[in-house]
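This report refers to the structure that appears directly beneath it.
The values are calculated or read from the model by the stated rules, or taken from the named source; none is laboratory data. This structure is a prediction, so every number in the text was calculated from the model and none was measured. Reconstructed Cβ throughout: ideal geometry from the backbone, glycine too, with neighbour counts over all protein chains shown. Accessible surface is based on the protein model in full, side chains and every heavy atom, while ligands, DNA and RNA are left aside. Shrake-Rupley method; radii C 1.70, N 1.55, O 1.52, S 1.80 Å.
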Protein chains: 2
Amino acid sequence: MKLIPYNFKNEILLRINKIKSILKDSASDAILVASNANIYYTTGRFFRGYIYIPVDKAPIWFIIKPNVYEEEDGIFYIRKPEDINTILKSQGYDTPVSIALEENDLSYSDVIRLKAIFPDSVLTNGSPLLKKARMVKTEWELNEMKEDGLHQSKVYGEVKDCYHQGMTDLELQIEIEKRLRLEGSLGVSRVSGNLMEINLGSVISGANADNPGPYEFTMGGEGVHPALPVGANNSIILKGHTVMIDMNGAFNGYQSDMTRVWSLGETSDLALKAHACSLKILRKLEKEALPGVPVKDLYFIAMEIVNEDSLQEFFMGHKSQVGFIGHGVGIELNELPVLTPKSKDILEENMTIAIEPKFVIPQVGAVGVENTYIVTNTGLENITIFPEDIQKF
Amino acid sequence: MKLIPYNFKNEILLRINKIKSILKDSASDAILVASNANIYYTTGRFFRGYIYIPVDKAPIWFIIKPNVYEEEDGIFYIRKPEDINTILKSQGYDTPVSIALEENDLSYSDVIRLKAIFPDSVLTNGSPLLKKARMVKTEWELNEMKEDGLHQSKVYGEVKDCYHQGMTDLELQIEIEKRLRLEGSLGVSRVSGNLMEINLGSVISGANADNPGPYEFTMGGEGVHPALPVGANNSIILKGHTVMIDMNGAFNGYQSDMTRVWSLGETSDLALKAHACSLKILRKLEKEALPGVPVKDLYFIAMEIVNEDSLQEFFMGHKSQVGFIGHGVGIELNELPVLTPKSKDILEENMTIAIEPKFVIPQVGAVGVENTYIVTNTGLENITIFPEDIQKF
C-alpha cells in the first residue's frame, strides 16, 4: 500500500509547503510532527511514527507501525524514534539549528525524548505553527467538511423520528447516536487537549442546561455519571422544555459542528426571544465576517446584539458563562481561531469556524443555533444547512 | 455540593495515603496531580484543577471549574495554576525540595507551566508513581469494576439478538453499541496516551482480522476510514467467519475488558484449535497467577502452551504481532501491569488484569477469549463471566 496515494500527492505537497512557509517565518528551521491529528494532516493517514519537515528540503516520513506501507523515496521504517538521527544523516540532512516539536500536543516525556534526537538544536514550540497551518483549509479539506455537514444534516432530519413521549434526554441521544453511526459517523469526537472529553455529543434539556461542567464546551450538563460530567443526565423531557442537540459531525477525518433546538410543545417567551437573538447574531456575522476582519470583532458584534436585547445574563451559559462564541473546526473539534474578545487572529479566506451564540434559560433549557461556516470573500458560507427555528417534537 | 461526599471520604483517604507512601519511597516529596484520570482517582470527580499532595501533610484541592463545589478545609478555587503558590504559602506549606508532575500524561507545555510554580524544586516524574498507586485496586474500585463486568456480560448476552443475516461487522457493532449505551455505557473508552484511539470497541471478522493497525491494541482491523484505522471495516459477515467482539465496558469511572467470539455456521478446525488453546492458557493462568508471581511469568506460561500447540504464527496477530498477552485495567483501559516478557512487576493481591490470548486465523477471523480478573490469594477471580466457547449466530 502506498503511504500517500497517487491522487493525494498534490494535496499533501500543498500542506507541506504551507508548513514550510510558516516555518520560514518562525524561529525554527525544521519540525518533527508526531501527534495523531498532525500526522493525519500531513499524510491523510494515521500511523505510529513521525514526519520530519525541514524548511529547505523534502520531508521524510518515519513509520513504526503498521507494517503495510511501501518504502519509497522519503519513507522509512524505524523501530524507535532514536533511529531518526542516523537516517537523517544518511540522507544528507544537516542538523537543524532549531527544532520545533509539538509542545502543546505531546507529553513532556515524548518531547524530551524527541528533543534528545537533536541534542545540539534549540527547542521551539511547533504546536502553534501546525495549528496555524491547519487554520486555513485547502479545497480538499473544505470538501471533506462539506460532506460532514451533509451527513450531519441528514441525521438531524431524523431527530423528530427519534423522539417518543416520555423519553429521557439520554434515550434520545442514544437513538441519534445510532443514526449517526449508520450514516457513517466514525464514533468518536476528536478534540484537542484534556480540557474536553465527550462521547458522541451533547443533548441537554430543561434544568440540566444550567448545570456547569468542568470542560471548555459552551454548554455544560451534569452527564449520567461523575466520571463524564457533560451533557444529558437521563432526565425526562417535559412539556415546555427545549432540547438542544449538538451531536457528532465526524464522518471522515474532519468534522462539522452543528446545533439545533427542539421543544416539547410551546416553550417560554424568554426562550423564543433568546433563540431569535441567536439567529440575529448569525445573520449579522454571516455578512460581516469577511477576510481581513479581526476575529475579536465577531465577538463584539455578537455582544452588542445580546446587550440590545438585554440577554447578557443567559448568554453562553447562566450559572457559569464561557468567554467565546465560536471556534475553528477541522480535524479536531477545537481549532483556531477561537472567537474571543482577546483573539489576535484575522479572518482569512477558507478558514472554517463554528459560530454558536447560545443561551441558557433556567428551568427551560438551552436555545440558539450553531453552524459551521467557511470564510469566503462574500461572507460566510454555511455548510450545516438545516432549518434554524425551534422545531416541535 | 461537596467535592468529596461524606461517604467517600475514607475511600479518598485510603488512596491519598497510598500515594503518600509511594511518594515516601520515591525521590519526590510532593506531587501535583493534574491529568483527568488521576484527578478522578484522587477525588471521584472530574473537575478542571489540581491536587497537591505533600508526603507529610494533608492534600489541597485547587479547582478552576465548575463553580459548584463548597469551599472547605483544603479546598480552594483558583483562576489559574499560578495561584497555587500563594495559597500553599498561606497554608504554611513549605516549598518541596522535589516536585513530581505527570510527565507522561501532561503536555510538555503544561509541565513547564506547572514546574514554574515551584522554581526552586527539582522536577521528577509523577506518572509512574500514580500508575503504581492505581495498579492495586481498593475494595471500592473492585466493586465498581465488578459492576462493569455485570453490565458488559448482560449486553454480550444480547449479541445474538443483534445479528441478522447479511449484516456487516459495522452494523453489528452499531447494534451492540446501542445496547451498551442503554445499559449505561458512558459512551467513551478511556485510554492512556495517543497510541490508542477507539470508539466503543472492536468487532472484527474474516480477512479484516489480519489487517495490522497503528495502535497498541492486540487486534488491528482496517476500520471504516483511514482517520480511525481500527476494527470493523463494514464487510459482510460470511459463513465460516469468526466474529470477535471486544466492546466497551465503561459504565462508571472504571472499566472491564471482555472479548468473546461468535461464528456464522461452522468455522475452521484451525480456528477451533486456537480458541481451545486460548481457553487452556486462561485456565492455567487462573491458577498460577498468584500474588508474588512475576508478571512476566504469565507471558512465558502462555507462550509455552502456544508452542506446544504449534500456534505461534497466529498468536497475538499474524501479519503483525504484539508482544503482550494482557494488561492492567481500571479508570483507563491500559493500566499497569502489562503482561510482557520484559515486565518487572510482581503480582499483588487486588491488581486487576485483562488477559487476552488471541489468535488471528487468516481469512477466517480472530479467536480467543479475554477476561478481566482480580488477583486473589487463591488465584484469579473472573469479573467478566460469560460463556467462553465460540457461539453460533
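Within segment B:85-215, the proportion of C-alpha pairs whose separation exceeds 18 Å stands at 72%. Across segment A:344-354, rounded Karplus estimates of 3J(HN,Hα) from the backbone phi angles (6.51 cos²θ - 1.76 cosθ + 1.60, θ = phi - 60°) give 9, 6, 10, 4, 10, 4, 6, 5, 10, 10, 8 Hz, Gly and Pro being marked x. Taken residue by residue and averaged, Cβ atoms of other chains lying within 10 Å of the Cβ of A:203-214 number 2.
Legend: residue pairs A:137/A:319; A:2/A:115; B:57/B:115; B:131/B:154; B:154/B:392, Cα-Cα distance threshold 25 Å; pairs beyond threshold, A:137/A:319; A:2/A:115; B:131/B:154. Applying the criteria of a DSSP loop state and at most 14 other Cβ atoms within 10 Å to the GluC sites (Glu not before Pro) of segment B:41-134 yields B:70, B:71, B:72, B:82. Using Cβ point charges alone (K and R +1, D and E -1), the dipole size of segment B:1-59 about the Cα centre works out to roughly 220 debye.
In a Debye calculation with equal point scatterers on the alpha-carbon sites of segment A:174-296 and no solvent, what is log10 I(q)/I(0) at q = 0.13, 0.14, 0.18, 0.19 Å⁻¹? Each listed q corresponds, in turn, to -0.64, -0.74, -1.13, -1.21.
Surface composition of segment A:184-247: carbon and sulfur make up 54 percent of the accessible area, probe 1.4 Å. Computed across segment A:150-235, the Kirkwood hydrodynamic radius from all distinct Cα-Cα pairs reaches 13.5 Å. A cut-off under 14 angstrom between Cβ atoms defines the neighbours of residue B:5, and their net charge, with Lys, Arg +1 and Asp, Glu -1, is 0. Label-point distances for residue B:319 to the equivalent site in the other copies, using a point 7 angstrom along Cα→C-beta, read 5.2 nm when ranked shortest first. Short-range pairs are left out: with C-alpha atoms under 8 Å and at least six residues apart, the relative contact order of segment A:1-138 is 24 percent.
Across segment A:211-370, the convex hull enclosing all Cα atoms gives 117 Å³ per residue.
Computed over chain A, the P(r) curve from all C-alpha pair distances, binned at 10 Å from the origin, holds 5, 23, 30, 22, 14, 6, 1, 0 percent per bin.
Computed from the C-beta positions of residue A:349 and residue B:238 and an R0 of 45 Å, the FRET efficiency is 0.40 to the nearest 0.05. Peptide A:318-325 is shielded by partner chain Cβ atoms: per residue, an average of 1 of them sit within 10 Å of its Cβ.
Evaluate peptide A:195-201: per residue, the Cβ atoms of other protein chains within 10 Å of its Cβ; return the mean as an integer.
Shielding by partners across A:195-201 averages 4.
Shown here for segment A:336-380: trypsin sites (Lys or Arg not before Pro) in loop regions (DSSP other than H, G, I, E, B) with at most 12 other Cβ atoms within 10 Å, namely A:342, A:344. Relative contact order of chain A: 15 percent, from C-alpha pairs under 8 Å at least 6 residues apart in sequence. With respect to chain A, whose longest principal axis is taken over its alpha-carbon atoms, helix A:9-24 is tilted by about 80°.
From the C-alpha gyration tensor of the protein assembly as shown, pull out the three semi-axes of the equivalent ellipsoid (sqrt of 5λ each), sorted largest to smallest, in whole Å.
Rounded to whole Å, the semi-axes are 38, 31, 31.
Pairs from the table (A:18/A:287; B:9/B:296; A:20/A:344) lying more than 25 angstrom apart at Cα are A:18/A:287; B:9/B:296.
If I ignore ligands, DNA and RNA and count only protein heavy atoms, how much of residue A:210 is accessible to a 1.4 Å probe, in Å² to the nearest 10? Around 20 Å² of this residue is reachable by solvent. Evaluated on segment A:75-124, the Kirkwood hydrodynamic radius is 11.6 Å, with distances taken between all distinct Cα atoms. Mean residue ellipticity, 222 nm, helices only, chain B: the sum of -39500 (n - 2.57) across DSSP H runs of n ≥ 4, divided by residue count and rounded to 500, is -9500 deg cm²/dmol. Would you work out if segment A:315-393 is rounded, prolate or oblate? Take a ≥ b ≥ c from the square roots of the eigenvalues of the alpha-carbon gyration tensor; rounded if a/c is under 1.5, else prolate when a/b is larger than b/c, oblate otherwise. In terms of gyration-tensor shape, oblate.
Principal-axis analysis of the Cα atoms of chain B puts helix B:139-156 at an angle of about 30° to the longest axis.
Phi angles across segment B:308-322 convert, under the Karplus curve 6.51 cos²θ - 1.76 cosθ + 1.60 with θ = phi - 60°, into 3J(HN,Hα) values of 4, 8, 6, 10, 3, 5, 10, 7, 6, x, 10, 5, 9, 10, 9 Hz, Gly and Pro given as x.
Taking θ as phi - 60° and the Karplus parameters 6.51, -1.76 and 1.60, the scalar couplings of segment B:89-94 work out to 5, 5, 8, x, 8, 6 Hz in sequence order, x denoting glycine and proline.
In the context of the full set of protein chains, residues of segment A:159-311 present 33 Å² of accessible surface per residue (probe radius 1.4 Å, heavy atoms only). Along its principal axes, segment B:32-106 has C-alpha extents of 30, 30, 21 angstrom, given from the largest down. So what's the angle, to the nearest 10 degrees on a 0 to 90 scale, between helix B:169-183 and the longest Cα principal axis of chain B? Roughly 50 degrees between the two axes.
Taking +1 at the Cβ of each Lys and Arg and -1 at the Cβ of each Asp and Glu, which of B:172, B:212, B:184 sits farthest along the dipole of segment B:170-218 towards its positive end, judged by Cα position relative to the Cα centre? Most positive-ward Cα: B:184. Excluding residues on the same chain fewer than 8 positions from residue B:358, give the aspartates and glutamates whose Cα lies under 15 Å from its Cα. Correct list for residue B:358: B:210, B:216, B:246, B:257, B:304, B:309, B:313, B:370, B:388, B:389. Summed over both chains, the area buried between A and B is near 4700 Å², taken from the accessible surface of protein heavy atoms with a 1.4 Å probe. The charge dipole of chain A, taken about the Cα centre with unit charges on the Cβ atoms of Lys, Arg (+1) and Asp, Glu (-1), comes to about 500 debye, rounded to the nearest 20.
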